[in-house]
Each structure stands twice: as C-alpha cells, then as structure tokens.
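The values are calculated or read from the model by the stated rules, or taken from the named source; none is laboratory data. This one's a predicted model, so the numbers in the text were calculated from it and none came from an experiment. Positions of Cβ are generated from backbone atoms using ideal geometry, with glycine treated the same way; all protein chains shown enter the neighbour counts.
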C-alpha cells in the first residue's frame with residue numbers, strides 16, 4: 001500500500017477493525033510517519049438474472065423494490081419493510097452456488113415474502129407476475145397459497161399480520177366465486 005502523502009511503497013497496519021461492509025485499517029507510512037485509513041471490501045460477483053426469453057441482465061435491487069412498492073401501494077407497508085424484503089431476497093440469491101438465477105426464482109421469493117407481509121400485496125404482485133387472464137386462475141393461485149407452508153420472516157421489522165388472511169375467504173365454498181356485492185356498503189362521504 002503506497003502512502004497517499006509521500007508515495008512511499010511501505011506502510012504498516014496499526015489498527016484493524018470490522019466495518020459495516022468490510023474492514024477498516026489504520027496505516028502508518030514507514031518513511032514520513034503520517035497515518036491514513038484504508039477500507040477493504042469484498043467485491044461480490046454480480047448476480048445475473050435469466051429472463052423467460054433467455055436474455056440475461058444484472059440483478060437490480062431497484063427493480064425488485066419498485067415491484068414490491070407497486071404491489072403495496074396504499075397499504076400500511078413502510079419503506080423499511082420493503083428494504084428488509086429486498087435485503088432478504090438478495091441475501092438468499094447470493095447464498096446460492098450459481099451466479100445465474102432464473103427470473104422465476106426472483107419472483108417466487110418476492111411472492112413468498114409478500115405473502116408473509118400482506119396478503120393484499122401478495123395477491124396484487126401475483127396477479128401481475130403470474131399474468132392471470134381469468135378470475136379462475138387467480139382463485140386457483142389463492143387456493144394454492146392457502147395450503148402452501150408459511151415461513152417465518154427473517155427480520156423482526158418485516159413481520160406484520162396479513163391484511164387479508166386466507167381464512168377470511170373460507171366462508172365461501174372454493175368452487176363458488178366470491179361475491180363482492182355482499183359486503184356492507186359505506187355511507188357517502190358528504191352524508192352524515
């Protein structure tokens with residue numbers, strides 16, 4: 001490591017500590033005696049997402065965050081919860097031995113996380129991600145999610161009771177469509 005002050009090639013490490021994303025080292029130049037700090041970070045290999053059509057692109061935290069944000073729009077889900085989900089998904093993907101991940105795996109991880117956070121956000125994301133063309137396909141996905149095992153969230157900030165638990169739909173037989181008109185209507189805003 002060269003000294004940033006005199007360009008002398010020899011320095012010694014006087015202190016080394018763990019930092020948030022690497023190692024922080026205090027160094028001293030053996031020629032001029034001045035001290036400086038260096039940071040060492042592990043350079044992670046880029047994750048490559050393989051799209052359905054075969055295209056490959058680098059994993060984007062922002063794309064995942066935006067998809068979750070759109071699914072949870074106007075729901076009581078804050079940005080810290082969304083960031084925790086994105087962190088968990090990226091961590092799960094980096095734990096895999098392969099550097100190339102099918103886009104379906106990314107979507108499945110998002111759906112699993114949203115199902116635990118908010119059932120309404122889960123259904124919104126699933127309807128877009130799975131590209132349902134009929135109500136029957138959506139109802140079949142809801143039925144599959146009822147029987148799927150639920151995982152415990154990794155982070156305490158990500159835990160929140162679902163807004164619409166799967167048991168809320170149990171009053172209707174699964175073979176009959178859900179009648180939205182059976183709900184009581186709200187009074188108009190201006191009439192009190």
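Name the one entry in 65, 94, 69 that is modelled with pLDDT under 90, in the same structural domain as residue 128 (by TED's automatic domain parsing) and surrounded by 13 or more Cβ atoms within 10 Å (Cβ to Cβ).
Answer to the check: 94.
Of everything in region 135-150 that's at pLDDT below 70 and surrounded by fewer than 11 Cβ atoms within 10 Å (Cβ to Cβ), which residue is farthest from residue 111 (Cα to Cα)?
Within region 135-150, the match that is farthest from residue 111 (Cα to Cα) is 147.
Restricting to region 83-122, name every residue that is free of Cβ contacts under 8 Å to residues at least 24 places away in the same chain, more than 20 Å from residue 57 (Cα to Cα) and out of contact with any helix residue (DSSP H, G or I) (no Cβ under 7 Å at 6 or more places or on another chain).
If the condition is that a residue be free of Cβ contacts under 8 Å to residues at least 24 places away in the same chain, more than 20 Å from residue 57 (Cα to Cα) and out of contact with any helix residue (DSSP H, G or I) (no Cβ under 7 Å at 6 or more places or on another chain), then 83 is the only one that fits.
Given (1) loosely packed, with under 10 Cβ neighbours inside 10 Å; (2) farther than 30 Å from residue 93 by Cβ, identify the lone condition not met by residue 42.
(2)
For residue 52, only one of the following conditions fails: (1) assigned by TED's automatic domain parsing to the domain that holds residue 120; (2) surrounded by 11 or more Cβ atoms within 10 Å (Cβ to Cβ). What is its number?
Failing condition for residue 52: (2).
Look at residue 75 and say whether it is modelled with pLDDT under 90 and either surrounded by 11 or more Cβ atoms within 10 Å (Cβ to Cβ) or within 24 Å of residue 21 (Cα to Cα) (or both).
no
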